[in-house]
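Notes to accompany the following structure.
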Amino acid sequence: ENFRRFGESGFKLAITELDVFHRKPQEEDFLEEQADLYGNLFNIAVDSKRFTSICTWGLYDGQTWVTSWPDFAGKGEPLLFDSNYKSKPAFHRIRSVLSRK
């Protein structure tokens, strides 16, 4: 709702430092939920025509900031590639969104 409202007001929009991490020990459906959230944000951005950029806070889970903060102990895996540089469902969802435009 806020993206739409700011876009309609003429503002250019950007999402910076984006990542989506799990809050509990990883549940089986987390990767699909993560892909859904990334996909939804990219759909909103592409459809609005007001977004200038979306930037994730890193590329792969092996160097995420999340695991270095004590407050986030046991949480992580927020990015588009896993610790072995293997693409995750979120990467493929984003690619799908961008390829339709």
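The values are calculated or read from the model by the stated rules, or taken from the named source; none is laboratory data. All of these numbers come straight from a predicted model, not from anything done at the bench. Here the Cβ is made from the backbone with ideal geometry for all residues, glycine too, and neighbour counts use every protein chain on show. Note: areas computed on protein heavy atoms with side chains; ligands, DNA, RNA excluded. Shrake-Rupley method; radii C 1.70, N 1.55, O 1.52, S 1.80 Å.
Only protein heavy atoms count here; on that basis, with a 1.4 Å probe, Arg100 has an accessible area of about 120 Å². Grab the other residues whose beta carbon is less than 10 angstrom from that of Phe21, score K and R as +1, D and E as -1, and report the net. Net charge around Phe21: -1.
For region 57-101, what is the per residue volume of the convex hull drawn over the alpha-carbon atoms, in cubic angstrom?
Working: hull volume 3.3 nm³, N = 45.
So the per-residue hull volume is 74 Å³.
When a/c is below 1.5 the answer is rounded, else prolate if a/b is larger than b/c, else oblate, so apply that to region 18-74 with a ≥ b ≥ c taken from the square roots of the Cα gyration tensor eigenvalues.
Values: a/c = 3.00, a/b = 1.63, b/c = 1.83.
Verdict is oblate for region 18-74.
Residues with beta-carbon under 14 Å from that of Gly10, excluding Gly10: net charge, scoring Lys, Arg +1 and Asp, Glu -1? With Lys, Arg at +1 and Asp, Glu at -1, the net is +4. When the Cα convex hull of the chain is projected onto planes of every orientation, the mean area is 6.9 nm². The chymotrypsin sites (Phe, Trp or Tyr not before Pro) found in region 1-54 that occupy coil by DSSP, while having at most 15 further C-beta atoms within 10 Å, are Phe11. Under the simplified labelling scheme, the Arg5-Thr52 pair shows an inter-label distance of 2.2 nm, with each label point 7 Å from Cα along Cα→Cβ. Go through region 1-77 and name the trypsin sites (Lys or Arg not before Pro) that are in a DSSP coil and have 15 or fewer other Cβ atoms within 10 Å of their Cβ. Answer by residue number: Lys12, Arg23, Lys49. Bridgeable aspartates and glutamates around Lys12 (alpha carbons under 16 Å apart, same-chain partners fewer than 8 residues away excluded): Glu1, Asp47.
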